[in-house]
Amino acid sequence: MRNIALFAAVGLLVAVEGFTGSWNTALGILNMGLISAILALGVNMQWGYAGLFNVGVVGFVALGGLAPVLISTPPVEGAMAAGGWRILLAMIVGIASIGLAIAINRRAAGRLRVLGILAVLIGGFFVYRAIFDPAVAAVEAINPAREGNLGGLGLPVLLAWPVGGLFAAAAAWVIGKTALGLRSDYLAIATLGIGEIIIAVMKNEDWLARGVKNVVNIPRPVPYEVELQADPGFVERAAGFGIDPVTASTVFVKLLYAGLFLAVLLALIWLSEKALNSPWGRMMRAIRDNEVAAEAMGKNVTARHLQIFILGSAVCGMAGAMIVTLDSQLTPGTYNPLRFTFLIWVMVIVGGSGNNWGAVLGGMLIWYLWIKVEPWGNALMDLVTSGMADGSALKAHLQASAAHMRLMTMGIVLLLVLRFAPRGLIPEK
Amino acid sequence: MDLVNALVALANFVLIPATAYGAQLALGALGVTLIYGILRFSNFAHGDTMALGTAFTILLTWGLQGLGISLGPLPTALLALPFAIALTGLVMLATDRSVYRFYRKKKAAPVILVIVSMGVMFVMNGITRFLIGVDEIRFADGERFLINARAFKEATGLEEGLALRSTQVLTVVTAVAVVALLFWFLNNTRTGKSMRAFSDNEDLALLSGINPERVVMYAWLIAGALATTAGVLYGLDKSFKAFTYFQLLLPIFASAIVGGLGSPLGAIAGGFLIAYSEVAFTYAFKKVLTYLLPDGMAPEGLVQLLSTDYKFAVSFAILIIVLLFKPTGLFKGKAV
């Protein structure tokens, strides 16, 4: 009952925004809120079910965001021939030398092992760079002002969502294999590092997705507003509701997105509820609460941790692909860990870790706050400074810094929830 | 002559900057390792503590400059530093009182404390931005160079210039002084000894009548002082920007873990190891090699192993390698 009331309250907040402000903003908040809820679900799988402390969420989101570019944008003419295949070859050389080094590490012993690993890794690195560098230069030379990257496959963009999940899952497998044996704080630092590295790669490897030059005009799964406005049937129906065609078209497009996101969210919740209440879910919670006991019962803790780490990261990757689809552009410069890692953590903790509905509620609520705190901060500052003389330095400073209120607010919300309601708004059963 | 030129180039672009950077990392890592040793959690707010302490210093420096006070050839920030350390110490004690103490009394799991420190990180980040904004700020004044590149060339007749910035020397000198003071404190004073005892074995320390609240209080004060000093030195050497300080968290943690969490000596070694590797892997060795190799064999490319944007990858790779092969770090740290 309480839970339904909480969800209704969040719905009401969005509706109030719609009635007092504009429906465009309200639906904008709703759409990102839905994606945030999916992200929170993914982090909740790792933290709530299994107690894994992942602070590299931003990396998985960014990696998922790569998928719409590689799947749905049209291929760049001649890029594959110019250097694409050689880049692939370089990747294979790189992976093969790492694999060889791992094999030597397992088989050989003593001094031979150290020397062998070093020789293979250093040799492999130079071969890789020898193939990779000229290939990259060739690809980036193609029409650099607009392209200069490999381009995509030209497939439907919806396909990119599961592919984004796959990208993130593949990365999670590699990270999990190396880092999951470490204790919790070390895993946190390791994931923090991975997140930074993935962002650095996305920003600097121009051949992949143009780096900080951004990819724009990524195809959309929904019609464009201008097309709707040109469609006489649509204009007529909008007029029937008494709305002007421009507003009608933007709201309609946002509603379509909301429908798509909601479908994904509901499917994920259904699946995760099923999983959480299955023997598998009970095993996960048993591992989380007492690893030693679970291991003594014959559960393979490392394998289960790896599994849940991959699943949770895949969900985050999918959400990343959805964000890029919603914006129709990939801007690697905007992936900030405060926004895409730590904010998601606030969502999970506030909502209630271990409870899927809690994560969803936290995602929607915290996103709403994240958007609204800024205007509220401005209003507050206007109120505080209203008595001061115009043009005073303090007044200008206070008004300019109102924008930074949101980080502080999020921190205070997190600290208050941890202190007074550590199990969150919708606690685990 | 070519050999000397190569060495000078190497010193100018790799050794000197890396030493200064290493000293900054070591001071940061000492703070992380100290909190870990006493309170037993990884403090994610450390980067933002550095930023906040530096923000205090910058504001005070501006105040002093406004009053017309300066240290002559030394940066004014050095005069503001003690006051900023006192302010940061107060913030640390207030944070401990209002936030961390509750969880300590409850004996919460370390991972909960890490999440709590995430909340503190957000708040501190917000306060720093509120105080001083998000822009890049340079606040070094006084003499810029101890050795000027052009003067060096003229004096020695070499092709390569060697520049030694005063902030780099200042960083190393301050770091040595601070570390000496810290080790003297830990080894020779009653409080320092009780801190080490508390870090080694909490129960035994409690049984011997050591007051845990006092130990924790000193740990926060020292961590705040170290963070502020590290932040100010980094800011003087490069520049201050709130987000950069947040990003320093990764190399600082890598230094502390590589050295062995809880081991002060390890934190220093880790800091220098990370700094030297980061700079060496991202430096383009073309110039040095051109001097060293015979004519005609000079490399065509930059001979840069990794682009500077991937410096995080270096600290990260070292971190992972050390953790996989020596999980407690180079100097035996704790593993809880």
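The values are calculated or read from the model by the stated rules, or taken from the named source; none is laboratory data. Please read these numbers as outputs of a predicted model, since none were measured by experiment. Please note: Cβ atoms are built from the backbone with ideal geometry, for glycine as well, and neighbour counts cover all protein chains shown. These area figures cover heavy atoms from the full protein model, side chains too; ligands, DNA and RNA do not enter into them. Shrake-Rupley method; radii C 1.70, N 1.55, O 1.52, S 1.80 Å.
Scan the range B:39-58 for residues that are over 16 Å from residue B:234 (Cα atoms) and either of a type in the set (Lys, Arg) or open to solvent by 10 Å² or more (accessible area, probe 1.4 Å) (or both) and the total you get is 2. In the range A:279-300, the residues that are exposed (fewer than 13 other Cβ atoms within 10 Å of the Cβ) reach residues that are assigned to a helix (DSSP H, G or I) with C-beta atoms within less than 8 angstrom, at least six apart or across chains, in these pairs: A:293/A:286; A:297/A:286.
Residue by residue, here is whether (1) at negative phi; (2) surrounded by 15 or more Cβ atoms within 10 Å (Cβ to Cβ) holds:
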{"residue": "A:214", "(1), (2)": "no, no"}
{"residue": "A:220", "(1), (2)": "yes, yes"}
{"residue": "A:223", "(1), (2)": "yes, no"}
{"residue": "A:233", "(1), (2)": "yes, no"}
{"residue": "A:243", "(1), (2)": "yes, yes"}
{"residue": "A:253", "(1), (2)": "yes, yes"}
{"residue": "A:257", "(1), (2)": "yes, yes"}
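When B:199, B:239 are screened for being open to solvent by less than 50 Å² (accessible area, probe 1.4 Å) and closer than 21 Å to residue B:75 by Cβ, only B:239 passes.
Pairs only if they're at least six apart or on different chains, beta carbon under 9 angstrom, first in the range A:192-205 and within 9 Å of chain B (Cβ to nearest Cβ) and within 15 Å of residue A:334 (Cβ to Cβ), second among the basic types (Lys, Arg) and open to solvent by 30 Å² or more (accessible area, probe 1.4 Å); list them, first residue then second. Filtered contacts from the range A:192-205: A:200/B:311. Out of B:88, B:76, B:49, B:54, one residue alone is modelled with pLDDT under 95 and of a type outside the set (Gly, Ala, Ser). It is B:76. Whether any residue in the range A:152-167 is at pLDDT below 85 and in contact with a helix residue (DSSP H, G or I) (Cβ under 7 Å, 6 or more places away or on another chain) is what I want to check. Looking for residues that are at pLDDT below 85 and in contact with a helix residue (DSSP H, G or I) (Cβ under 7 Å, 6 or more places away or on another chain), one finds at least one in the range A:152-167, hence yes. For the range A:46-57, taking the residues that are within 12 Å of chain B (Cβ to nearest Cβ) and of a type in the set (A, V, I, L, M), the one that is nearest to residue A:275 (Cα to Cα) is identified as A:52. Condition check for residue B:243 on (1) within 14 Å of chain A (Cβ to nearest Cβ); (2) touching a helix residue (DSSP H, G or I) at 6+ places or on another chain (Cβ under 8 Å): one failure, at (2). For residues that are assigned to a helix (DSSP H, G or I) and either at the interface with chain A (Cβ under 10 Å from one of its Cβ atoms) or under 22 Å from the mean Cα position of the chain (by Cα) (or both), scanning just the range B:97-112, find the one that is farthest from residue B:46 (Cα to Cα). Per the stated criteria, the residue is B:106.
Within the range B:131-146, the set of residues being assigned to a loop (DSSP other than H, G, I, E, B), surrounded by 15 or more Cβ atoms within 10 Å (Cβ to Cβ) and either of a type in the set (A, V, I, L, M, F, W, C) or at pLDDT 90 or above (or both) comprises B:139, B:140. Picking from residues in the range A:180-191 that are more than 7 Å from chain B (Cβ to nearest Cβ) and part of a helix (DSSP H, G or I), the one that is farthest from residue A:43 (Cα to Cα) is A:187. Candidates in the range B:296-313 are the residues that are part of a helix (DSSP H, G or I) and facing chain A (nearest Cβ under 8 Å); of these, the one that is most open to solvent (accessible area, probe 1.4 Å) is B:309.
Only one entry in B:289, B:273, B:265 is surrounded by fewer than 19 Cβ atoms within 10 Å (Cβ to Cβ), under 15 Å from the mean Cα position of the chain (by Cα) and of a type in the set (A, V, I, L, M, F, W, C), namely B:265. Only one entry in A:385, A:409 is more than 9 Å from chain B (Cβ to nearest Cβ) and of a type in the set (Ser, Thr, Tyr), namely A:385.
The residue pairs whose first member lies in the range A:304-324 and is on the phi < 0 side of the Ramachandran plot and basic (Lys, Arg), whose second member is at pLDDT below 95 and outside any helix (DSSP H, G or I), and whose beta carbons are closer than 6 Å, counting only pairs six or more residues apart or on different chains, do not exist in this structure.
Would you mind stating whether residue B:257 is part of a helix (DSSP H, G or I), without any contact (Cβ under 8 Å) to a residue 60 or more places away in the chain and within 13 Å of chain A (Cβ to nearest Cβ)? The answer is no for residue B:257.
Restricted to helices (runs of 4 or more DSSP H) entirely inside the range A:285-380, those with at least 1 residues that are hydrophobic (A, V, I, L, M, F, W, C) and closer than 24 Å to residue A:418 by Cβ are A:301-327, A:343-351.
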